[in-house]
Amino acid sequence: MAYTIGVPRERKAGENLVALIPEVVARLVKKGASVLVERGAGDNAFYTDEDFEAAGAQVVSREEAFGADVVVKVQPPNDEEISLLREGGVLIGFLSPLDNPDISVRIAARKVTALSMELVPRISRAQKMDALSALSSIGGYRAVLIAAEALPKFFPLLSTAAGTVRPANVLVLGAGVAGLQAIATAKRLGSRVSAYDIRDVVAEEVQSLGASFVELELKTGSMQDEGGYAKALVEEKAARQTELLVPFIGKSDVVIATALIPGRRAPTLITEEAVREMHAGSVIVDMAAPNGGNCELTVPGETVVRHGVKIFGVMNLTAGMPVHASQLYSRTLLAVLEDFTDENGFTVKFEDEVFAGSCVTHDGEIVHERVKSLLQTA
């Protein structure tokens, strides 16, 4: 008998993605899985129920989708959704276990084996499963488009009969996947781009995209952890960093802020003093808003004007591009399912470093050491 994969409709306000798209469903059905898609699950991503049925899925009720052997989601489940999960089943998706560790307790109570896509290790073998990177690229792209629309200036250099228009100055804070995509997009639009990252090792990547790398007189040592993320600065150096960034921020027309450290509040990089130094009409797009923001004036989920500067506290940029976002996310889930399922269903593989690194709960217990530590601290 084929094992079942459930694809519920995302109910969180503003979320438009669907966990699996018809193309991926067809591949899973071919491998022997029975895919149960909640009615209307793909509507906001422009995939119809008929598309899923043509791919071999069964369109079912919400309860049936959550009752599958393996449930795949985009957003973390709420309490009602957790109660619908089959006891002893499997849940795969973004679970926010580092930002909201309490959710792991509730999932464990259902004796569900839960894999969190945020925790997939950043190793070569797991690149195809790296959902964070896939979606961060979309976020960086859209952040620049938002800024370009809001800025009361052209991005590119223009030579006209009425005179020359200078290009906009764009500063990108954080040169991870989102930051690098923001740099590339801003360059394509013709702006003059500079970027800052606490990790000097990314300077070459920044420069390869045609941007200049901002170097501060700040001794930081090695600021990259084993997962490729930036480490947090000690308080004294963090304050010095924001002080040194003020003149670079002040001369920028646009600042795209992308700096995040998993499981921590976003580091403050843009002080009120820095905002005051910017010209009226300038724009800040704060991609770190879900974790508090890189700008101390950011209001998560809102757009505010402070000292003449428009500050976007963006929360879910990928939801605005649901077709390709769903496509990319779906493929990372496919890679996970291909590694940890066979014709008989899901296989628990704690000896596998990808499984061990991303598994949060199993058999009624929280098994991820960092999540356990956060709960103990709380």
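What the table shows:
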read-out	value
Conditions (1) surrounded by 15 or more Cβ atoms within 10 Å (Cβ to Cβ); (2) closer than 30 Å to I256 by Cβ: number failed by L334	(2)
Every residue from the stretch 72-124 that is without any contact (Cβ under 8 Å) to a residue 12 or more places away in the chain and over 20 Å from P8 (Cα atoms)	S124
Output for the stretch 89-107, where each listed residue is surrounded by fewer than 20 Cβ atoms within 10 Å (Cβ to Cβ) and not in a loop (DSSP other than H, G, I, E, B)	D102, V105, R106
Complete set of residues in the stretch 233-263 that are among the basic types (K, R) and without any contact (Cβ under 8 Å) to a residue 40 or more places away in the chain	K237, R240
Long-range neighbours under 7 Å by Cβ, at least six apart or interchain, first residue closer than 8 Å to Y196 by Cα within the stretch 170-182, second part of a loop (DSSP other than H, G, I, E, B) and aliphatic (A, V, I, L, M)	L173/A259; L173/L269; G174/A259
Hey, G42 modelled with pLDDT of 95 or more, touching a strand residue (DSSP E or B) at 6+ places or on another chain (Cβ under 6 Å) and either surrounded by 23 or more Cβ atoms within 10 Å (Cβ to Cβ) or closer than 27 Å to K111 by Cβ (or both) or not	no
Scan of the stretch 65-77 for residues that are over 22 Å from the mean Cα position of the chain (by Cα) and under 11 Å from V7 (Cβ atoms), ordered by number	A65, F66, A68, V70
Residue within the stretch 147-160 that is more than 27 Å from T341 (Cβ to Cβ) and among the hydroxyl-bearing types (S, T, Y) present	yes
Qualifying positions in the stretch 64-88 - touching a helix residue (DSSP H, G or I) at 6+ places or on another chain (Cβ under 6 Å) and not in a loop (DSSP other than H, G, I, E, B)	F66, V72, I82, L84
Subset of the stretch 38-78 (residues that are of a type in the set (D, E) and within 25 Å of T113 (Cβ to Cβ))	E38, E63, E64, D69
Residue within the stretch 181-189 that is within 14 Å of V255 (Cβ to Cβ) and either acidic (D, E) or more than 22 Å from the chain's Cα centre (by Cα) (or both) present	no
Pick from the stretch 108-122, criterion more than 26 Å from L173 (Cβ to Cβ) and in contact with a helix residue (DSSP H, G or I) (Cβ under 7 Å, 6 or more places away or on another chain), ranking: surrounded by the most Cβ atoms within 10 Å (Cβ to Cβ)	A114
Subset of the stretch 167-191 that is small (G, A, S) and under 17 Å from S137 (Cβ atoms) - its residue that is surrounded by the most Cβ atoms within 10 Å (Cβ to Cβ)	A182
Single condition A134 does not satisfy, out of (1) surrounded by fewer than 23 Cβ atoms within 10 Å (Cβ to Cβ); (2) over 24 Å from the mean Cα position of the chain (by Cα)	(2)
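Residue by residue, here is whether (1) in contact (Cβ under 8 Å) with a residue 12 or more places away in the chain; (2) in the same structural domain as G88 (by TED's automatic domain parsing); (3) under 28 Å from S34 (Cβ atoms) holds:
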{"residue": "T303", "(1), (2), (3)": "no, no, no"}
{"residue": "V309", "(1), (2), (3)": "yes, no, no"}
{"residue": "G313", "(1), (2), (3)": "yes, no, no"}
{"residue": "A335", "(1), (2), (3)": "yes, yes, yes"}
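Quick grid of which residues meet (1) outside the structural domain of G190 (by TED's automatic domain parsing); (2) not in a loop (DSSP other than H, G, I, E, B):
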{"site": "Q127", "(1), (2)": "yes, yes"}
{"site": "L132", "(1), (2)": "yes, yes"}
{"site": "Y141", "(1), (2)": "no, yes"}
{"site": "V144", "(1), (2)": "no, yes"}
{"site": "F154", "(1), (2)": "no, no"}
{"site": "T164", "(1), (2)": "no, yes"}
{"site": "L171", "(1), (2)": "no, yes"}
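Residue-wise test of (1) hydrophobic (A, V, I, L, M, F, W, C); (2) buried (at least 17 other Cβ atoms within 10 Å of the Cβ); (3) touching a Ser or Thr at 6+ places or on another chain (Cβ under 6 Å).
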position: P262; (1), (2), (3): no, no, no
position: P267; (1), (2), (3): no, yes, no
position: E273; (1), (2), (3): no, no, no
position: G281; (1), (2), (3): no, no, no
position: M287; (1), (2), (3): yes, yes, yes
position: G293; (1), (2), (3): no, yes, no
position: V305; (1), (2), (3): yes, no, no
position: G308; (1), (2), (3): no, no, no
position: T318; (1), (2), (3): no, yes, no
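The values are calculated or read from the model by the stated rules, or taken from the named source; none is laboratory data. Since we're looking at a predicted model, the values are computed, not measured. Reconstructed Cβ throughout: ideal geometry from the backbone, glycine too, with neighbour counts over all protein chains shown.
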